[in-house]
């Protein structure tokens, strides 16, 4: 029998915020306990930011250069396979609690009035939406009103989380709904809306995606968690370098990206962020305890990751953007009950969110689609060390949305034939000793991480930079879209993939 699958995303969860990995302030007792029965990937990275691009890479196993979801609002091409479709083909009914932030391919719609054409906050094809917690969090607001809180605005509801008991938080609400669904095995939990998941026998393996909002801003933890960390005792961020690239200066001026200007503001932001992490850790503990009590622990695969990271004041920035690794270094944990060789293991090789989809395919015995740019992590889960693993992590960031918005206001941009949009992006590769940043306009940066791991010491020697640039060029050529490039038309049909898997077996 195939295992149960619990895919958890913790929105904006930094990869260094685990006490099991040595963070000096954050306490994550439940994730630490889970690490003893899991494989922890200490250098795990998202492939893009913000939410939609990062999640597109997670769900499809492809780099942004291939899936082309460039910003929140870019549609995801329907030709891509994804984690939910793959699971459905082998018998699961994938259930979503939260959101996936994936915009519909407009070519698949039949009406100009389709509401999916007006927002990116829609469901990834293949999932049954058990609990819709996309903005404006309608079921949660109804839940708050039912408990005597007359709140109609979702932003105000999040900002005021410290003022209410933590049992009414958006994190608690999602957890309670999932546990209710688990108890009923297919029926919806309290407050669930838009339920389309059919009831299934209790012994049928399930696939659930829990997409938690927190620790995503606003930086206001719920109830007691807003007081869990003393602002005066938190660690302080990396200060910006004195000599900065113009791009860095530009994003520091953005109101939504600029970190607090005062020490008190910085400390409060970090204390609230750590409080939100404490809360999601607590509720993950509740879920783990329930799985044990139900006798499902030894047949449940658990994957915990994030869509992207959080600057948290580092380099004078907050939120997620640009080229610094704090926006892309994320939590990465996989627990496979049948792969005990990797339990309690900490892997320090570079792993990426594009690896999650092929890993889950391996664990549920589904073919890995040819589209995938990532690789299965199962060898690491088994205790092995692949000798041909990647030597760096790669991520991309695109800001063309600014220019598309300007075009609406009458700029001279002649889209789609004007290629200037393709200059508004960057790509980063980070290895053990260096980081290389390539801008779409031809500019570049390089950092000496062996000398200074804070990304504030540039490499200017062309002899050192050239191999990094060549490696990125090679990477791009090796990861170009290959959907049909491995096939050959002959003998009245098409050939097979080199590994013998027929085309029709992989979407």
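The values are calculated or read from the model by the stated rules, or taken from the named source; none is laboratory data. Since the model is a prediction, treat every value here as computed from it, not as a measurement. In this analysis, Cβ positions are derived from the backbone assuming ideal geometry, glycine residues included, and neighbour counts consider all displayed protein chains.
Points to keep in mind about this one:
- Among residues that are out of contact with any strand residue (DSSP E or B) (no Cβ under 8 Å at 6 or more places or on another chain), surrounded by fewer than 21 Cβ atoms within 10 Å (Cβ to Cβ) and either within 26 Å of residue 47 (Cβ to Cβ) or outside the structural domain of residue 99 (by TED's automatic domain parsing) (or both), residue 366 is not included.
- Boolean, residue 435 is part of a strand (DSSP E or B), surrounded by 16 or more Cβ atoms within 10 Å (Cβ to Cβ) and out of contact with any helix residue (DSSP H, G or I) (no Cβ under 6 Å at 6 or more places or on another chain): yes
- Residue 30 assigned to a loop (DSSP other than H, G, I, E, B), modelled with pLDDT of 95 or more and assigned by TED's automatic domain parsing to the domain that holds residue 216: no
- For the range 391-412, the condition holds for at least one residue, the condition being that it is surrounded by fewer than 12 Cβ atoms within 10 Å (Cβ to Cβ), modelled with pLDDT of 95 or more and touching a strand residue (DSSP E or B) at 6+ places or on another chain (Cβ under 8 Å).
- Residue 64 being at pLDDT 95 or above, surrounded by 21 or more Cβ atoms within 10 Å (Cβ to Cβ) and more than 30 Å from residue 267 (Cβ to Cβ): yes
- Identity of the residue in the range 113-129, in contact with a helix residue (DSSP H, G or I) (Cβ under 8 Å, 6 or more places away or on another chain) and either assigned to a helix (DSSP H, G or I) or free of Cβ contacts under 8 Å to residues at least 24 places away in the same chain (or both), that ends up surrounded by the most Cβ atoms within 10 Å (Cβ to Cβ): 122
- Matching residues, the range 136-146, being in contact (Cβ under 8 Å) with a residue 24 or more places away in the chain and either surrounded by 14 or more Cβ atoms within 10 Å (Cβ to Cβ) or not assigned by TED's automatic domain parsing to the domain that holds residue 183 (or both): 137, 138, 139, 140, 143, 144
- For the range 147-164, the set of residues classified as touching a residue at least 40 places away in the same chain (Cβ under 8 Å), surrounded by fewer than 19 Cβ atoms within 10 Å (Cβ to Cβ) and under 22 Å from residue 210 (Cβ atoms) consists of 164 only.
- Leading residue by the ranking (surrounded by the fewest Cβ atoms within 10 Å (Cβ to Cβ)) among those in the range 98-112 that are touching a strand residue (DSSP E or B) at 6+ places or on another chain (Cβ under 8 Å) and farther than 18 Å from residue 135 by Cα: 106
- Selection from the range 67-88 of residues that are under 15 Å from residue 105 (Cα atoms) and part of a helix (DSSP H, G or I): 67
- Counting the residues of the range 1-19 that are in contact (Cβ under 8 Å) with a residue 60 or more places away in the chain and not in a loop (DSSP other than H, G, I, E, B) gives 8.
- Members of the range 248-263 that are surrounded by fewer than 17 Cβ atoms within 10 Å (Cβ to Cβ), assigned to a helix (DSSP H, G or I) and either assigned by TED's automatic domain parsing to the domain that holds residue 459 or out of contact with any helix residue (DSSP H, G or I) (no Cβ under 7 Å at 6 or more places or on another chain) (or both): 249, 250, 263
- Selection from the range 445-482 of residues that are surrounded by 13 or more Cβ atoms within 10 Å (Cβ to Cβ) and in a loop (DSSP other than H, G, I, E, B): 449, 453, 454, 455, 456, 457, 459, 479, 481, 482
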